[in-house]
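Here's the structure we're looking at; comments come further down.
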Amino acid sequence: MRSTDLDYALPPELIAQRPAERRDASRLLVYERRSGDVRQRSFAELAQELGGYLAVVNDTRVVPARLALRRETGGEVEVLLVERRGDERWEALARPSRRLRAGERLRGRGSASPVELVEPLGAGRWVVKLAGEPDGDLPLPPYVHEAPADPERYQTVYARESGSAAAPTAGLHFTPELLASLDHETVTLHVGLDTFRPLTTETVEEHAIHGERYRVEEAAWGRIESADRVLAVGTTTTRVLETLARGGPLEGRTDLFITPGFVFRRVDALLTNFHLPRTTLLALVMAFAGVDATRELYGLAIRERYRFYSFGDAMLVL
């Protein structure tokens with residue numbers, strides 16, 4: 001499959017710059033694969049579409065990982081923590097990175113702990129050492145130009161396990177009341193930035209997806225494995241469930257790359273936001289809904305002025 005097959009044109013004004021006033025007030029585009037039926041609903045009506053499904057959510061929490069720092073020379077450096085590697089060590093992106101040196105200490109604002117550069121990994125990536133917990137800003141995606149007044153709006157209401165560089169955005173639509181109305185289970189996958197990185201290879205298959213850490217409790221997997229029908233809330237949850245369905249351990253890393261032609265073994269329905277073109281996320285949606293159907297659904301969403309990306313509307317594929 002050519003990477004250009006994941007392209008589509010989106011009017012810039014459809015990129016949501018802020019969350020809906022109420023989480024479940026977002027719109028919901030529903031597509032039934034078997035019948036081809038399409039319905040336009042409110043997210044608050046989700047439970048009416050899900051009789052008999054076990055919903056599975058990803059309870060990862062976004063780290064305040066964007067750190068504004070200074071070198072001893074006075075130069076400004078931004079460090080974005082991507083993944084925890086131990087008690088004090090993180091994999092991070094630093095920019096500008098060219099003149100940075102291992103052993104250098106970068107100072108934070110106020111009383112913030114310094115960041116020590118430990119080892120360069122190439123392409124602007126570093127292993128860094130940070131005493132204490134991160135105390136920077138939320139790492140909002142670059143297409144969101146203004147942080148929400150309430151930082152919790154870039155967290156799901158069920159976020160518990162700190163470790164993500166980005167939110168599992170399909171879950172941002174849930175209120176506590178809506179979640180409580182569904183039979184649901186929880187998994188954890190800490191989202192890395194490479195999940196959202198556009199494909200730069202000529203074909204989709206040439207792209208190397210970055211691994212991400214996950215963990216699932218044994219009792220939760222027992223319920224999920226034996227459920228009649230499972231709804232995966234988001235692409236991150238989908239990757240965890242399909243990794244375990246293929247014999248993966250209950251805790252580890254997954255680099256499962258889901259592209260058209262993939263055979264789903266545990267996910268029966270998918271709830272997802274509308275994704276950027278030429279990304280692994282869109283490839284996963286096409287694998288589940290069908291390539292042509294996904295293109296038609298995205299075209300419909302654009303014509304109907306749905307809101308796209310992290311703070312945008314949602315799509316349910318049954």
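The values are calculated or read from the model by the stated rules, or taken from the named source; none is laboratory data. All of these numbers come straight from a predicted model, not from anything done at the bench. Neighbour counts are summed over all protein chains in view; Cβ atoms, including those assigned to glycine, are modelled from backbone coordinates with ideal geometry. Remember, those area values only see protein heavy atoms, side chains included, never the ligands or the DNA or RNA. Shrake-Rupley method; radii C 1.70, N 1.55, O 1.52, S 1.80 Å.
Some values worked out for this structure:
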read-out: E13, sole failed condition from (1) surrounded by fewer than 19 Cβ atoms within 10 Å (Cβ to Cβ); (2) out of contact with any strand residue (DSSP E or B) (no Cβ under 8 Å at 6 or more places or on another chain); (3) touching a residue at least 60 places away in the same chain (Cβ under 8 Å); value: (3)
read-out: Matching residues, region 222-248, being within 21 Å of the chain's Cα centre (by Cα) and either open to solvent by 30 Å² or more (accessible area, probe 1.4 Å) or without any contact (Cβ under 8 Å) to a residue 60 or more places away in the chain (or both); value: T238, R239, E242, T243, L244, A245, G248
read-out: Scope region 83-106; condition among the aliphatic types (A, V, I, L, M) and either open to solvent by 30 Å² or more (accessible area, probe 1.4 Å) or not in a strand (DSSP E or B) (or both); matching residues; value: L93, L100, A102
read-out: Total residues in region 52-76, condition assigned to a strand (DSSP E or B), at pLDDT below 95, open to solvent by less than 20 Å² (accessible area, probe 1.4 Å) and closer than 27 Å to R215 by Cβ; value: 1
read-out: Region 1-51, residues that are of a type in the set (G, A, S) and not in a loop (DSSP other than H, G, I, E, B); value: S3, A25, S42, A44, A47
read-out: Extreme residue, nearest to L50 (Cα to Cα), among residues of region 276-295 that are open to solvent by 20 Å² or more (accessible area, probe 1.4 Å) and not aliphatic (A, V, I, L, M); value: G290
read-out: Candidate set: region 127-165, residues that are assigned to a strand (DSSP E or B) and among the aliphatic types (A, V, I, L, M); chosen: the one surrounded by the fewest Cβ atoms within 10 Å (Cβ to Cβ); value: V127
read-out: Enumeration of residues in region 296-318 that are in a helix (DSSP H, G or I) and either surrounded by fewer than 17 Cβ atoms within 10 Å (Cβ to Cβ) or of a type in the set (A, V, I, L, M, F, W, C) (or both); value: E296, L297, G299, L300, A301, I302, R303
